[in-house]
Amino acid sequence: MKLQDAVRKLSLNDRPLIQDRVFYAIYGLALAVSISIWFLAIHSPLWLDETGSYWVIAKGFSQIWHRQGGFLFLAYSWILWFSTKLIGTSEIALRVPSLLAMLGAVYLLYLAARELFEREIAIITVVIFCLHPIVVYASIDARPYAFAMLATNASILILLRLRRNNSIWLAALFGLTAACILWFQFIFGTIIPALALCFFVVKTGNHKTLWRQFGIALVAFALALLPTIPNLLYMFRASGTYVFEQAPKLLDLVLTLAPSPWRPGKLLLIFALATLVAAVRARFDKQFHFQGWQILLCAALAGIPTLILYGVSVGTSIHCFVERHRLVAVPGIALCWALLFSSVRSRALRLLLCLALVAITAYQCYSSPSSRQHGYTWKYALEYAEKNATPDNAPVLICSDFAEANSATMPLDSPKDNPILAPLSYYKLSVPVVPLPRALNDEAMRVGSQFLQQAAQKHERFLALAYKPSYKTLDWLAQNTAATHYVRNLGVFDEIKVLEFVPRSGLAP
């Protein structure tokens with residue numbers, strides 16, 4: 001009997017351990033499914049801005065400083081160049097650095113969440129983070145956003161560990177990592193006020209230690225920021241040049257704060273109903289309550305950068321509330337939702353909520369063809385133009401889709417090696433190229449008129465390519481060649497229209 005009692009007692013003691021293993025195994029599977037969504041579009045061709053990243057490093061390490069420009073960040077360009085020397089320059093290879101950086105950001109966010117919550121809630125935090133479509137997009141984007149996210153989450157983690165740590169070295173590291181955010185993306189600087197506020201929220205102890213650590217962090221931040229000042233000044237001087245997005249709507253703000261904006265209505269409804277069921281069944285722990293500093297910290301990290309971006313975009317002509325910029329607030333958004341999850345004391349219900357979130361989002365992504373695309377690409381239009389124009393070496397007019405092309409003089413001497421035609425650095429054209437601005441402005445008419453005059457004199461066939469915002473330029477070209485050329489629409493490739501202009505002295509259409 002004693003032996004049976006001992007075995008029975010041992011079995012009862014093992015049940016919580018077995019249950020923990022089962023729960024964590026399921027959470028691990030949910031996290032793996034969440035991350036797998038990132039890979040759906042990793043094989044897709046480079047989109048416009050990714051070719052800009054490649055253009056910076058295309059001529060080698062010695063040219064990066066000269067070619068990096070005002071909004072392309074040197075730290076990322078060095079990392080990307082070094083990566084290409086190890087794994088090559090294929091589309092996937094160019095995205096690997098961002099993928100690794102985002103995985104690192106996930107791990108740092110998990111560690112930060114462990115400073116606030118128990119282990120299960122920390123896992124739910126990173127699941128919500130991984131499912132967010134802005135994270136999905138940035139995780140395989142060959143641009144600096146994933147690295148800016150890595151620096152952001154590192155700053156949040158160090159901030160939380162400063163709560164009960166009086167080390168001046170940790171404070172200096174906090175200032176350094178906060179500055180690193182701006183090394184990779186200036187727009188992410190909108191989280192700096194939130195980090196500063198949260199520093200005073202989380203710190204405990206005497207005021208002398210607090211102000212000493214804050215001073216050390218501030219000095220480290222200022223010193224680490226010095227190399228970025230020239231580009232930062234350039235950003236303010238040229239801020240109007242980069243305005244091409246529409247002003248945001250209130251719905252955009254709401255969707256940003258949703259746990260997974262893929263299908264926010266259903267997800268929010270499921271969470272609300274499940275929470276109501278938990279309340280009715282008295283699943284809430286009445287003894288459980290949040291500390292004020294936790295709520296304020298999560299709300300600040302989510303709300304301050306989001307509201308700054310939204311306020312600037314609504315109140316000024318600088319519309320910066322675009323998806324990639326809102327990435328800066330996603331860690332805070334994930335932490336806010338984790339607070340709500342932690343209020344549900346039933347472990348089984350929390351798990352079911354997390355699985356519902358993952359299942360609905362994964363189904364939406366895996367069943368949607370658009371999830372396998374990563375922005376529009378010039379690849380197919382340029383490949384078609386190369387094939388069509390090569391036999392007679394027909395020149396190709398290309399309307400740049402970079403906003404800065406509207407304020408630039410067109411580089412007619414060596415247009416194929418110019419940032420406004422960055423796609424040509426990766427998807428090559430062997431025929432002559434004539435660049436045009438994004439908008440139908442005076443420069444577009446000047447360059448276009450000169451070319452059309454020469455084409456008419458030579459009775460020359462040529463092609464013209466333009467993305468959707470530049471269709472007016474194609475219409476203008478067609479109107480001004482009505483007497484000399486037939487115009488044929490050869491097709492639209494990812495919203496990039498390809499027109500052929502055939503001399504009227506040649507074959508009829």
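Do any helices (runs of 4 or more DSSP H) lying entirely in segment 136-226 carry at least 3 residues that are in contact with a helix residue (DSSP H, G or I) (Cβ under 6 Å, 6 or more places away or on another chain) and closer than 26 Å to Ile92 by Cα, and which ones are they?
145-161, 168-184
Given the condition without any contact (Cβ under 8 Å) to a residue 60 or more places away in the chain and either touching a Leu at 6+ places or on another chain (Cβ under 6 Å) or not in a helix (DSSP H, G or I) (or both), answer yes or no: does some residue in segment 320-342 qualify?
no
Tally the residues that are crowded, with 16+ Cβ neighbours inside 10 Å and not in a helix (DSSP H, G or I), restricting the search to segment 368-395.
6
In segment 453-475, which residues are crowded, with 19+ Cβ neighbours inside 10 Å, part of a helix (DSSP H, G or I) and more than 33 Å from the chain's Cα centre (by Cα)? Talk me through it step by step, then tell me what you get.
From segment 453-475, those crowded, with 19+ Cβ neighbours inside 10 Å are 455, 460-467, 470, 473-474; that's our starting set.
When the remaining residues are screened for being part of a helix (DSSP H, G or I), the result is 455, 470, 473-474.
If the condition is that a residue be crowded, with 19+ Cβ neighbours inside 10 Å, part of a helix (DSSP H, G or I) and more than 33 Å from the chain's Cα centre (by Cα), then Ala455 is the only one that fits.
Within segment 67-87, which residues are more than 17 Å from Ala148 (Cα to Cα) and modelled with pLDDT of 90 or more?
Once the filter is applied, which keeps residues that are more than 17 Å from Ala148 (Cα to Cα) and modelled with pLDDT of 90 or more, segment 67-87 yields Trp81, Phe82, Ser83, Thr84, Lys85, Leu86, Ile87.
Does any residue in segment 289-314 that is without any contact (Cβ under 8 Å) to a residue 60 or more places away in the chain come within less than 9 Å, Cβ to Cβ, of a residue that is of a type in the set (D, E, K, R) and crowded, with 22+ Cβ neighbours inside 10 Å six or more places away or on a different chain, and which pairs are these?
Within 9 Å, the pairs are Thr306/Arg326.
Note down all Cβ pairs under 8 Å where the first residue falls in segment 54-65 and is more than 20 Å from Glu91 (Cβ to Cβ), the second is of a type in the set (Asp, Glu) and surrounded by 13 or more Cβ atoms within 10 Å (Cβ to Cβ), and they're at least six residues apart or on different chains.
none
I'm trying to understand the selection: among the residues of segment 40-79, which are closer than 30 Å to Leu357 by Cβ and loosely packed, with under 15 Cβ neighbours inside 10 Å?
The answer is His43, and nothing else.
The values are calculated or read from the model by the stated rules, or taken from the named source; none is laboratory data. Because the structure is a prediction, the values reported are computed rather than measured. Neighbour counts run over all protein chains shown; Cβ positions are idealised from the backbone, glycine included.
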